Amino acid sequence: MFDLILRRANLPDGRKAQDIAIRAGKIAEIAPNIDATARQEIDATGRLASPPFVDPHFHMDATLSLGLPRMNRSGTLLEGIALWGELRPTLTIDALVERALRYCDLAVTQGLLAIRTHVDTSDPKLTTVEAMLEVKARVAPYITLQLVAFPQDGYYRAPEGAASLTRALDMGVDIVGGIPHFERTMAEGQASVEALCRLAADRGLPVDMHCDETDDPHSRHVETLAAETIRHGLQGRVAGSHLTSMHSMDNYYVSKLIPLIAEAQMNVIPNPLINIMLQGRHDTYPKRRGMTRVPELMAAGINVSFGHDCVMDPWYAMGSGDMLEVGHMAIHSAQMGSLDDKTKIFNALIVNSAKTMGLENYGLEKGRNADLVLLQARDPAEALRLKATKLLVIKAGQIIARTEPRITQLSLQGRPSSIDPAIGFAPDY
Ligand SMILES: [Zn+2]
């Protein structure tokens, strides 16, 4: 007797019509036609069951603050940073917690059950850190939240940047962040990478830096980050977020850089929605698009995952908590449109991100956590194309969100009476 059996589900790895049996919050068995009963049985009817989505790069202290205290008129990264600087002194713990919890509700509806958020440590009051630690505890039953100490105004550039970041780690923040391209000079940026990697090595913590989020082809802090990773033996525990300068770098230089990133076993986290929106702002035409070199990094065996980065905040007046929207933009901006590419992009939203975050017991395998999402699509390519509706979200074997399928009634003479956009439009691959 099981608690729940989800019958006839397709899986992201290509297995078709599998039954997933769940007992005591774990996956007890995955096989076709499991001959057993359960307290609850659900027929997936050949739709896709996926492990939950994972967002490895987000800003939960800023989310849903759009319009406070004013809108970003230029739409640029730098005005966003300035605007956040205006908002920061007015932040309260209650308001930060309320907005973050509201975002987490939305995330759950989208099957997004693990999030790594950067937390601004620039203001020595550390209101943001206190608030996000509270949010982490409150959402723990349904969302795994990791916190990165993020010196938004610069580790060296902000008056108490270094001391505040260290205090945030003392308060229980999980990961060392950085923003070397925003330090005063290239040399100070390099020094910040060196100091922050040493700090992480001393404390046994992972590293996740905003790195080279610029169109400047000479912004090469990623090289330092990879070298410091190797020097301190931090292989596999370091992530480079954004790396947009790689879009503009000289090809010969990149041919040396990518193997170095691979040697350091760095995780790479592009943020397609935000990169496509914020990069290339100083160009006229042709206008660079600024996303890092995703297919080349993947081809080198580097773990690439994608972040949502922002939702309705000083940098981005869009976003929905739907990682399929992130993947949809990744397909376009990386020009990865083949069936094989789409599978890679989908995996980047699930298993690659889980690897970046170091999640344990993640994935649709016997014995792992019974966390999954049932999509209104039959395979990963269709899920991405349709930004598919998340029909069921299951956490530890419990259904925590349910959405009706998107089906439209049609009133056209001689045509079908209803349309399910996920049935009958794609070829049988
Ligand atoms: Zn970011």
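What follows is calculated from the coordinates using simple rules that are stated; it is not laboratory data. Predicted model, so just to flag it, every value in this text is computed and none were measured. Cβ sites come from the backbone with ideal geometry, for glycine too, and all protein chains shown count toward neighbours.
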Find, among the trypsin sites (Lys or Arg not before Pro) in the range 161-214, those assigned to loop by DSSP (not H, G, I, E, B) with at most 11 other beta-carbon atoms within 10 angstrom. 184
Per the rule of 0.36 nm per residue minus the C-alpha distance, extending residue 411 to residue 361 adds in nm 13.3 nm
Computed FRET efficiency, Cβ-Cβ of residue 423 and residue 332, R0 30 Å: what is it to the nearest 0.05? 0.75
Distance in nm between label sites at residue 368 and residue 71, each 7 Å beyond Cα in the beta-carbon direction? 4.3
Could you tell me the center-to-center distance, by alpha carbons, between the range 138-159 and the range 371-429 in angstrom? 35
Assigning unit charges at the beta carbon (Lys, Arg +1; Asp, Glu -1) and nothing else, what dipole magnitude in debye, to the nearest 20, does the chain show about its Cα centre? 840
Take the chain, connect every pair of alpha-carbon atoms lying under 10 Å apart with a spring to form a Gaussian network, then pick out the residue of 123, 55, 13 with the largest mean-square fluctuation. 13
Taking a crude spin-label model, label points 7 Å out from Cα along the C-beta direction, the residue 251 to residue 185 distance in nm is 3.5
At q = 0.12, 0.14, 0.26 Å⁻¹, what is the log10 ratio I(q)/I(0) for the range 170-240, with the Debye formula run over Cα points and no solvent? -0.28, -0.37, -1.16
Put +1 on the Cβ of every Lys and Arg and -1 on every Asp and Glu Cβ in the range 38-117; which of 48, 103, 76 then has its Cα farthest towards the positive end of the dipole? 76
Given a cut-off of 27 Å, name the pairs among 287/355; 16/136; 287/342 whose C-alpha atoms lie farther apart than that in the structure shown. 287/355; 16/136
In nanometres, the difference between 0.36 nm per residue of separation and the alpha-carbon distance of residue 282 and residue 404 is 39.5 nm
Go through 139, 177, 163 and say which Cα lies farthest out towards the positive end of the charge dipole of the range 121-225; charges sit on Cβ, +1 for Lys and Arg, -1 for Asp and Glu. 139
Most exposed first, judged by fewest Cβ atoms within 10 angstrom, 255, 333 run 255, 333
Mean ellipticity per residue at 222 nm, deg cm²/dmol - from DSSP H runs of n ≥ 4 across the chain, formula -39500 (n - 2.57): -10000 deg cm²/dmol
Between residue 82 and residue 296, how many nm apart are label points set 7 Å from Cα along the C-beta direction? 3.3
Cβ-derived FRET efficiency at R0 35 Å, residue 167 paired with residue 396, nearest 0.05: 0.55
So, in Å, what gap is there between the alpha-carbon centers of the range 334-351 and the range 199-213? 27
Stretch gain in nm, segment residue 98-residue 37, where the contour uses 0.36 nm per residue and the Cα spacing is subtracted: 17.8 nm
Over the Cα atoms of the chain, what radius of gyration and what Dmax do you get, in Å? 21.8, 72
Note: the range 214-316 at 10 °C, 1.306 mPa s; Kirkwood Rh on alpha carbon pairs; Stokes-Einstein D in µm²/s works out to 113
